[in-house]
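Visitor: Input: one structure, supplied below.
What follows is calculated from the coordinates using simple rules that are stated; it is not laboratory data. A quick note: this is a predicted structure, and the numbers were derived from the prediction, not measured. Heads up, the Cβs are rebuilt from the backbone with ideal geometry, glycines too, and the neighbour counts pull from every protein chain shown.
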């Protein structure tokens, strides 16, 4: 009646038949995030949710035990990825709060990428009239 690949959960031992428990876990995280932030939006879970799921613990001792299993190199790599994920949000925050300074910083970053001989100095031939403003 059904295709062989449709109900594969019965072929793999330990695989749940549905994802209701996972959806429930995300729902609890979203509810918790709303309580903490006081906002309806749970957008920060998009970037940081996997860390909250990774370190679910019943006690502080259990949480510390879980954190100790993470190597320093893995921590630094994930921290860099998190910083990169936060960059667009930080930029929009800065642009909203202080647009003049943000645009000045962007201009300075752009000028740093330009070659050192910028602006190009072009010598004009002698027969071309020179205009001053």
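Visitor: So if R0 is 30 Å, what FRET efficiency would residue 59 and residue 98 give, r being the distance between their Cβ atoms, rounded to the nearest 0.05? Spell out each step's value before the answer.
Guide: Details: r = 43 Å, r/R0 = 1.43.
Given R0 = 30 Å and the Cβ-Cβ separation, E is 0.10.
Visitor: Further question: Any idea how far apart residue 20 and residue 90 come out in nm if each label point goes 7 Å out from Cα toward Cβ?
Guide: If labels sit at residue 20 and residue 90, their model points lie 4.3 nm apart.
Visitor: Sort 110, 93 by Cβ crowding within 10 Å, fewest neighbours at the top. Write down the numbers at each step before the final one.
Guide: Working: 110 9, 93 12.
Least crowded to most crowded, the residues run 110, 93.
Visitor: What list do you get for 32, 96 if you sort them by fewest beta carbons within 10 Å?
Guide: The most exposed by this proxy come first: 96, 32.
Visitor: What FRET efficiency comes out for residue 46 versus residue 10 if R0 is 35 angstrom and r is the Cβ-Cβ distance? Round to the nearest 0.05.
Guide: Values: r = 33 Å, r/R0 = 0.94.
So, using R0 = 35 Å, E works out to roughly 0.60.
Visitor: What FRET efficiency comes out for residue 77 versus residue 39 if R0 is 22 angstrom and r is the Cβ-Cβ distance? Round to the nearest 0.05. Spell out each step's value before the answer.
Guide: Numbers: r = 30 Å, r/R0 = 1.35.
Efficiency for this residue pair is about 0.15.
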